[in-house]
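Single-structure report; data block below.
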Amino acid sequence: MTSAALLVPAPNVRAVVSRPALPGARGLQVLVACDLGLCPLLGLDGEGDVGLGPALRLTGSATFDPVRRCRLRSAQQAHRPGRERRPDQHRQQQRLLAAGGPAGRAGPARRRLAAGQSGLIYIADVLDSNRCYIRQLQHLGDEDGGIKVTTLTSSSIASPPPCALSCCPASGAPLLYASDRSVLSRVSPGSGEAVFAGDAGDSSLRDGPAASARFCNIRDLVADGAGNTFIMDAGQLRVMRADDGAVSTLRLPRLPDASSTRLAVLHGGRLAMYSVYNSKVLLLQQQVLCSPIPSLAEDFGALLDDAASTSDVTVTAGGITFPAHRCILAARCLYFKQLFAGGFADSAAREITLPDTEGPAFAAILRHLYTGATSHLQGREVLRPVAVLADRLLLPALSTHAQQQLLAAVTPASVAAELVWAEGAGLEGLLGRLEAYFAAHFREVAQDAAGSLEELAAAASPGLMGRLLVAAGRASPRVMISSALWVPAPNVRAVVSRPAQPGARDAQGLQQALVACDLGLCPLLGLNGEGDVRLGPPLRLTGSATFNSKHVLDAIYDPHSRCIVLAFSIDSSNACVLLAGRPGERGLRDGAGDAARFWSPKRLAAGRAGTIYIADELDVCCYIRQLQQLGSEGGGAGGITVTSLTSSSFARPPCALSCCPASGAPLLYASQRSVLSRVSPGGGSEVVAGGGTGSFHRDGPLKAAFFCNIRDMVADGAGNTFIVDAGRLRVMRAGDGAVSTLRLPEPAAQIPDRPSSRLAVLPGGRLVMYGIDDHELLWLQQQQHNHHHHQHHQQLVLGSDAGKLQQPDGCCPALSLAQDFGALLDDAAGTSDVTVTAGGRTFPAHRCILAARCPYFKQLFASGFADSAAREIALPGAEGPAVAAILRHLYTGATSHLQGRGLLRQVAVLADRLLLPVLSTHAQEQLLEAVTPASVAAELVWAEEVGLEGLLGRLEAYFAAHVREVAQGAAGSLDELAAAASPGLMGRLLVAVGRASPRV
């Protein structure tokens, strides 16, 4: 945990180091080498803000230059007059130890230092970008401070710098060297280096035992006083524990991964992080330095990796033998639990065979059983057999997870193959979801993967094919309007959208909406969320045709020519070009270009391949005409030919046209009360919907729907057709043609019925209605849902029961390690292979779990002593409740059950005895948080008695800080403290109280 973090300004930090304070100063002193010099870091004792103090005044034979950080020299701090200095006192503290020749000598750049025992200093000496040597500097101990330098490695080692060194003389930790950004090596005199952790070929970030841990990009190492090694690795702060070498990542916000990142351990439980040539030092408080509570996943993953030496059963699958532990298999897998308890012939067998099982699939499931992890389940080749085998082994949640991963990777090109496989594997839940996906994406499957349909028809059962046909027919989308907004716009004639021009700020995504009104052709701004929706300044148009917005009757965008088509064309450069007809001349003449004549082109619709459909009105008659562009795609107007599709006039105005070339929807033409579909250029049409004689609205299937007074209609990109009908907005769905009336939200719940009402589709699922008010247009937000299922991008989760679909809030529930192993502990009497006796109580347990989670038991079982193989282990002097609480923690990782001073005291002592320092520290922290002035004396006596030095020191600090409250509110406890505490404790308390007294 991070209890506090603080950034301290410091110009271009080169190094941070702590040393015992000089005479007259308390505790330790932290020094920062930066552009200002060698400056003490003040305020760490809580007196004032943390910041840099004045640079030290240094003397000696070598000149100190903090900027030239690669040279190490010796210097001595100036002696202050008036203070006697003993020649043998604080000698080591006052000297800045270094190595290197006179200034200016060419030589290797010395990049890293580490202090060893008995005056040894280790140096990583970088020769060039590919060679680095580990060297040893030794103080010979004579009065003149003789120095001897030895090269430990006979030849260059390590890959290109940066490298890092770590050593802890107080704890006796070995010298560690980052010989590669992903490898830690041990170095010893005469034997060179040996890989200790990591793998040069694997640069992932993986926690676990030293042998299985992996590193990505090691920047620096540093060891604390307990021998724990902190590692800066690719922006993550990680720790390698002193007791067992296990590597874990500390919970911190992700930090920048800079090649110059450095670490330093300071006093008071602080860790300093800094970057060379950066201007800040990051101080992290004490709780960062505590190793995190080891996780169940880490410990049981390590147990699986080393299962060969402790297993009591083997499982053979696909010709591969996997050592395992019966208690863990039974706790985590219902299949094995039933097998071991079933009384079958192989229930007690030491070898179990899983026929018709792939080895990699069982290996992946075994890893999940031990660690709870699913991140290693990747790729269809792994997920398919895991989904099937997990279902067979009665692991529905894991099978569901694998199926969900397969479903997430489905595409229109692969869904047919997945359907065939899921039906063959008998995964009914997945099969149903794949059927729904197939129905929702049938158009894409038919267009992009038509060959897969033939393979599906050949391999799938008749029942599956029948269900697919039914589902495809029912998959039409249901359309809703989620919001509405009135936008001021004077006398709107047309609204159209086109691909946005480079640099256009008014675009929604890659589309731009344009409004033809009295102001001109104006962009509609604010669709991208930047400000209110509003009209922008009109476009500046050029070209051979003059634009007059008051004469515009309709507008469309033609993707073939990339032009906006009105009564004339506006291309992508905003140039106006005449397509067909001649200004001032009317008629109904077919022909090429300006030879054609139009009477009153009221409606336009863009078709495929440069085809534009035109509803041309003459008096009360209307003709459907086709304008075909003969030029190349995107080439502007090109050649033009106009043809009349209907041989005679039909319908009466108002009429409307709708066509969606992207979705393949046919050309639709609307009369007042019916929607008709154009059959062929030779003439004729058929009624698609409506057509009744009554003037009323009726929703329903295609042939049963009725319309009252159709004003306009438009198709969206999915082929849905929106219809303005007597003041109502209705939709004819693309899949089945069913007609429904949309409910409009406020402020558009009621809209007037006007002959000039028009519709346009804009990007982002938006609709625009105009012509219903002279000075405003209505902006509508469209929201689509599936009629029988959600769209594919919304996460649906398979249920745990085969054949059933569920829709939980989150992802499928994973089996909990804590729950499963907690249940194993509760029922341990039936499966235990060892018992622990303490305080007159007996606790059944499992040797493999005790060894995986507790170093004391691991060492005991592997020691070869008389009781290492005993079925009963006694813990003399231990309290029964403490053993029960610690066992619960070992099996579940939980600490929430550790409550109450009595239990916490027992756990703190016993956990320390069982080599569980993190658990002991947790209990001590809980005790410390509950301390009051009235109880601190008793806690001091107890902590001294049981030998918890860390807790004792912090209680002493608390006592000194609250001595006034103790004396006033609990004076009697001081007498008890004086009677029970040792003279040493009392002396320290008096000193601490004296230092804490206020100075006047």
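Only the coordinates and a few stated rules stand behind these numbers; no lab work does. Quantities reported herein were computed from a predicted structural model and do not represent experimental measurements. Cβ coordinates were reconstructed from backbone atoms using ideal geometry, including for glycine residues, and neighbour counts include every protein chain displayed.
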About the Cα centre, and with charges only on the beta carbon of Lys, Arg (+1) and Asp, Glu (-1), how big is the dipole of segment 296-475? Nearest 20 debye, please.
420
Tell me whether segment 296-475 comes out rounded, prolate or oblate; compute the Cα gyration tensor, take square roots of the eigenvalues as a ≥ b ≥ c, and use a/c under 1.5 as the rounded threshold.
prolate
